[in-house]
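The values are calculated or read from the model by the stated rules, or taken from the named source; none is laboratory data. A quick note: this is a predicted structure, and the numbers were derived from the prediction, not measured. Ligands, DNA and RNA are stripped out before the accessible areas are found, and what is left, the full protein with its side chains, is counted by its heavy atoms. Shrake-Rupley method; radii C 1.70, N 1.55, O 1.52, S 1.80 Å.
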Amino acid sequence: MASAYDENWNLIGSVEVFDVATKSFSSSPVVSEISGLNGIAVEPESDNLICFISESTTASGVMRTYSSTGTMIKEYKTGISPFMLLNVIK
């Protein structure tokens, strides 16, 4: 997970790939332009990315699932400021 401020001081996040062998990031993010990115997780059975998004600490957020190639699969409404998911592996 990475983030940077845009020209209007909005914090924009992305999900990056880091190669530990070469100690470098890939040339393009898996998912980009996520305003309010608060945390990520990887679903171990499918390798889908789970992104927790909260544009405000006092408003409801969302949880989005993305494929490992960056295609959005589904969005779920959450409570205030989502940041983690407990997952039971069968």
Largest-first semi-axes in Å of the equivalent ellipsoid built from the Cα gyration tensor of the chain are 21, 20, 11
How would SER32, SER60, SER81 rank on accessible area, largest to smallest, probe 1.4 Å?
SER60, SER32, SER81
Among GLY36, GLY13, GLY79, residue whose mean-square fluctuation peaks in a GNM of the chain (springs only between Cα atoms under 10 Å):
GLY79
Heavy-atom accessible area per residue of the chain, all protein chains kept, 1.4 Å probe, expressed in Å², is 71 Å²
Expressed as a whole percentage, what fraction of the accessible surface of the chain belongs to carbon and sulfur atoms when a 1.4 Å probe is rolled over the protein heavy atoms?
55 percent
For MET1, what accessible area in Å² do you get when you roll a 1.4 Å probe over the heavy atoms of the protein chains, rounding to the nearest 10?
120 Å²
